[in-house]
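Novice: Shown below is the structure under consideration.
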Amino acid sequence: FFNKEGDFNNLTAAAYHKKTHLLVTGFASGIFHLHELPDFNLIHSLSISDQRIASISINCTGDWIAFGCSGLGQLLVWEWQSESYVLKQQGHFNSMVSLAYSPDGQYIVTGGEDGKVKVWNTSSSFCFVTFTEHNSGVTAVTFTSTGYVILSASLDGTVRAFDLHRYRNFRTFTSPRPSQFSSLAVDSSGEIVAAGSQDSFEIFIWSMQSGRLLDVLAGHVGPISSLSFNPMKCVLASASWDKTVKLWDMLDSWRTKETFIMNSDVLVVAFRPDGKELAVAALNGQITFWDHENAVQTGSIEGRHDLQMGRKELDKITAKQAAKGKSFTTLCYSADGQSILAGGLSKFVCIYNVKEQILMKKFEISCNYSLDAMEVFCVSKEMKDFFLFSAVNGTCMFFQEYLDRRKMTEFGSMALIDEGGGEIRVTCVRFCPTGRSWAATTTEGLLLYSLDSGLIFDPFELDVDVTPSNIHKTLSQKEYTMAIVMAFKLNEKKLIQEVIEAVPSSEVDVVCSSLPDLYVEKLLEFLASAFETSCHLEFYLIWTHKLLMLHGQKLKTR
């Protein structure tokens, strides 16, 4: 049929629904046709994209048709009878460069090389708004402390502010002379906006309220790579390729308060959430920690070997030599300031303990296999290469003594032929303010890692003989969680109070973490009413605090 139409070469995807005799066909031009078989009656055709349709699927009833367009990262669900979209999603066309969490951790904003700013819901994983005002690649994005304003910096020479209430670009900040902005920071009040230039080596300061340019900070002699405001003080830290980090004091007319000289080009700088420590990552793969008040270095992490890969067939140099070119380009402290997340020109993301300066965990973003506590040593027959799995930090290294002679031809090594697979890298990492998850923008997409399973689970059968005597018996056996659940099933206020007050304060943390989600809300409601009458104020506050720390994020998303 399509041969007769002359369209067969352009056919890229097809799906057939047996019950309704529907044939859906997708083409390279982005058009799809809906035919009824066996007569090939055309029901309708529609253009849904300007890229090839890569995949088609029909749901069990035959009402909804899903289309995937890999070129633009589009996912569409079409209801053909009402001719309307059920779902429309599209990712960034090019690589994502930057991300930021909203203060409550419910949203993530990403900026890409395609000039788009997208806002995603962390619980549904869907993008719900896209801003397309920038004319060039977006280099940095951030939320203000209110969570309703997003700021983005771009190579088009503008910093834009977007309102999440009305979904509009309400402020555009520009410099007197056109500049390509490579970094961005906003102070804790959300009133001062700073952006660093990669061509004029200056830092521009604007007022969010008026949109006016307040100051231009000059002093660096290389492109500005990163900016960070101290969360507790009016101090701005700037990192540059000129091998320095400068601290600027807002209260002292933006004078340079301190200059730290590094051994290598500085790529990223980040303040600890309490503002008392500064982390700096440089081109030599080192992360250094500074007590900026006293201008003293407090520690350093040699991260280069944690980023290194094995030697590939086409590598002319050893893995150790190749690692010299690896470095961290993005840093983020955890909410408690005890850990630091680092990523860069590698497929690994590392979490370090700041105090001990040791690697706690290493994530491989391409396949996410964790190799913790494995130790294998395997040698090939020819003794030319071997694998090492380290139990210390979970890394896998492949050592190859010689390049493979079997792949050598008169035109060179066959391994040098590019099969189109680009290098995997991490462009930005951020911890969620709740401390329960972290996210990374990578060449693989936007990845979220979480401690929460997201499931609501009630392990107790409803036909259990729940009586006051059984509850007292469970309580005497120190099975506090089960006793609380049974008390709520019986739903007698006096009994609930008795059970909760029988739990020792040292056990509250354990009970809260093991409590099924269904009963967390019930317990919070009970605590809220108990505050009115109870004399055990501190005890009930401990309960509330532990419950909200452990389950607050899940409650908010519901």
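Novice: When only the heavy atoms of the protein chains count and the probe is 1.4 Å, how do K489, K522, K88 rank by accessible area, highest first?
Specialist: These residues rank, largest area first, as K88, K522, K489.
Novice: By how many nm would the segment from Q357 to S123 lengthen if fully extended, with 0.36 nm per residue of separation less the alpha-carbon distance?
Specialist: 81.0 nm
Novice: Hey, another quick one. Distance from a point 7 Å along Cα→Cβ of R558 to each backbone N in the stretch 495-526: keep the residues under 13 Å and list them by number.
Specialist: Backbone N within reach: 515-525.
Novice: Run the 1.4 Å probe and let me know the accessible area of S300, rounded to the nearest 10 Å².
Specialist: My reading of the accessible area for S300 is about 50 Å².
Novice: What number, in percent, do you get for the relative contact order of the stretch 11-90 if the mean sequence gap of Cα pairs under 8 Å and at least 6 apart is divided by its residue count?
Specialist: 21 percent
Novice: Next question, about the same structure. Expressed as a fraction of 2.2 N^0.38 Å, the rule-of-thumb size for a compact globular protein of N residues, what is the C-alpha radius of gyration of the stretch 11-90?
Specialist: 1.00
Novice: Also, I was wondering about something else. Can you list residues from other chains, or at least 5 along the same chain, whose modelled amide H is less than 5 Å from the amide H of T427?
Specialist: T441, T442, T443
Novice: Mind grabbing the accessible area of E507 for me, 1.4 Å probe, Å², rounded to tens?
Specialist: So the heavy atoms of E507 present about 70 Å² to solvent.
Novice: Can you list the residues, at least 5 places off or on another chain, whose amide H is less than 5 Å from the amide H of W64, using H built in the peptide plane?
Specialist: Here N59 satisfy the definition.
Novice: Of all the accessible heavy-atom surface of the stretch 468-557, with the other protein chains kept in place and a 1.4 Å probe, what percent is carbon and sulfur?
Specialist: The nonpolar share, carbon plus sulfur, comes to 55 percent.
Novice: What do you reckon, how do Y519, Y85, Y107 stack up by accessible area (1.4 Å probe), largest on top?
Specialist: Descending accessible area places them as Y85, Y107, Y519.
Novice: Here is a follow-up. Roughly how many nanometres apart are two label points built 7 Å out from the Cα toward the Cβ at S55 and K19?
Specialist: Reported label-point gap for S55 and K19 is 2.3 nm.
Novice: Starting at the first residue of the stretch 127-132, write each ³J(HN,Hα) from the Karplus equation 6.51 cos²θ - 1.76 cosθ + 1.60 with θ = phi - 60°, in whole Hz, x for Gly and Pro.
Specialist: My calculation for the stretch 127-132 gives 7, 10, 8, 10, 9, 10 Hz in order.
Novice: Please give the length that would be gained between E302 and H472 if that part of the chain were fully extended, namely 0.36 nm times their separation in residues minus their C-alpha to C-alpha distance (nm, one decimal).
Specialist: Length difference between fully extended and current span is 55.6 nm.
Novice: Hey, how many Å between the Cα centroid of the stretch 279-294 and the Cα centroid of the stretch 481-496?
Specialist: 53 Å
Novice: Quick check: pseudo-label points 7 Å beyond the Cα along Cα→Cβ at N41 and V216, how many nm apart are they?
Specialist: With each label placed 7 Å out from Cα toward Cβ, I get 7.1 nm.
Novice: Could you list which residues have their amide H under 5 Å from that of I43, counting only those 5 or more apart in sequence or on another chain, with H placed in the peptide plane?
Specialist: Here the answer is L34, H35, E36, since their amide H atoms fall under 5 Å of that of I43.
Novice: How far apart, in nm, are two points set 7 Å out from the Cα along the Cα-to-Cβ line at N491 and at C234?
Specialist: 5.7 nm
Novice: Okay, moving on. Could you please tell me the mean projected area of the C-alpha convex hull for the stretch 163-296, averaged over all directions and given in square nanometres to one decimal?
Specialist: 8.5 nm²
Novice: If you don't mind, another one. Round to the nearest 10 and report in Å² the accessible area of M208, as given by a 1.4 Å probe over the protein chains' heavy atoms.
Specialist: Approximately 20 Å² of M208 is accessible to the 1.4 Å probe.
Novice: By accessible area of protein heavy atoms, probe 1.4 Å, what ranking do R168, R430, R160 get, highest first?
Specialist: My answer, sorted largest first, is R168, R430, R160.
Novice: Now a separate question. Evaluate E = 1/(1 + (r/R0)^6) for E79 and Y167, where r is the Cβ-Cβ distance and R0 equals 30 Å; express this FRET efficiency to the nearest 0.05.
Specialist: E(calc), rounded to 0.05, equals 0.75.
Novice: From the phi of every residue in the stretch 82-97, what ³J(HN,Hα) in whole Hz does the Karplus formula 6.51 cos²θ - 1.76 cosθ + 1.60 yield, where θ is phi - 60° and glycine or proline is x?
Specialist: 8, 6, 9, 7, 8, 8, 9, 9, 9, x, 6, 5, 10, 5, 7, 10
Novice: Can you work out the Karplus-derived ³J(HN,Hα) for every residue in the stretch 255-262? Use 6.51 cos²θ - 1.76 cosθ + 1.60 with θ = phi - 60°, whole Hz, and x for glycine or proline.
Specialist: Going residue by residue, I get 6, 6, 7, 7, 10, 9, 9, 9 Hz, with x marking Gly and Pro.
Novice: So, for the stretch 468-557, what is the accessible surface per residue at a probe of 1.4 Å, expressed in square angstrom?
Specialist: Ligands and nucleic acids excluded, the figure is 54 Å² per residue.
The values are calculated or read from the model by the stated rules, or taken from the named source; none is laboratory data. Nothing here was measured: the structure is a model prediction, and the numbers come from that model. Here the Cβ is made from the backbone with ideal geometry for all residues, glycine too, and neighbour counts use every protein chain on show. All accessible areas refer to the heavy atoms of the entire protein, side chains included, with ligands and DNA or RNA removed. Shrake-Rupley method; radii C 1.70, N 1.55, O 1.52, S 1.80 Å.
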